[in-house]
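Right, one structure below, let's go through it.
The values are calculated or read from the model by the stated rules, or taken from the named source; none is laboratory data. None of these values were measured; they are calculated from a predicted model. Cβ: placed from backbone, ideal geometry, glycine included. Neighbour counts: every protein chain shown. Areas reflect the complete protein model, heavy atoms only, side chains present, ligands, DNA and RNA absent. Shrake-Rupley method; radii C 1.70, N 1.55, O 1.52, S 1.80 Å.
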Amino acid sequence: MSSRIEALIPAPPSERIDALQDLIRRIVNCLDADNECDALIAEADALAGSQGYDSATFNNLYSWTSERDFAELAALGPPPAIPDITVQEVAECISVIEAADEPKSSFCLGILECTFPNVPVSDMIYWPKAAVASNNLAAEIVRLAKEPLPTLPAA
């Protein structure tokens, strides 16, 4: 793995992960009881680097992960955009994603989604139209990012 991509994936202390897991459990229980949870959600969001968590984040939690896995992902903080990312680094992120080594894979997906907000990165990786090697997929993502966005005709 590229030293730059590897360096971007933090190694949060277990205490932070444990604190987030406790908060997440309290939030889920609070929401299940139909109680006001805004203060707990704000606390969890702040501890996770202000990623914009809201009640929907926690209402949907069990549809895609466990409390512990979400705490580990949240403890990484928000993934950065990398304006000068190379095709090789994109391919390395794709390799991490395909390895399904959580939470690193979700973090790398976040890097690509932040870096290429106008490219359907997730769809291209998880639901490709045809099987494509990681290097070719990376090149296609970078190519699509360079294309101008379509403009809507004036009304």
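Values for this structure:
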item	result
Filtered residues of region 63-98 (kept if in contact with a Ser or Thr (Cβ under 7 Å, 6 or more places away or on another chain), part of a helix (DSSP H, G or I) and open to solvent by less than 40 Å² (accessible area, probe 1.4 Å))	Leu73, Glu89, Ala91, Glu92, Ile94, Val96, Ile97
Cβ-Cβ under 6 Å pairs, at least 6 apart or on other chains, region 46-58 side closer than 23 Å to Asp34 by Cβ, far side of a type outside the set (A, V, I, L, M) and open to solvent by less than 50 Å² (accessible area, probe 1.4 Å)	Tyr53/Asp45
Residues located in region 1-45, provided they are within 30 Å of Val90 (Cβ to Cβ), part of a helix (DSSP H, G or I) and either open to solvent by 30 Å² or more (accessible area, probe 1.4 Å) or touching a residue at least 40 places away in the same chain (Cβ under 8 Å) (or both)	Ser3, Arg4, Ile5, Glu6, Ala7, Leu8, Arg16, Ile17, Leu20
All positions within region 102-117 that are open to solvent by 30 Å² or more (accessible area, probe 1.4 Å) and either at pLDDT 95 or above or within 13 Å of Ile5 (Cβ to Cβ) (or both)	Lys104, Glu113, Cys114, Pro117
Of all residues making up region 118-155, the number that are aliphatic (A, V, I, L, M), within 21 Å of Val96 (Cβ to Cβ) and open to solvent by 100 Å² or more (accessible area, probe 1.4 Å)	1
Flag if Ala48 is under 19 Å from Ala100 (Cβ atoms) and under 16 Å from the mean Cα position of the chain (by Cα)	no
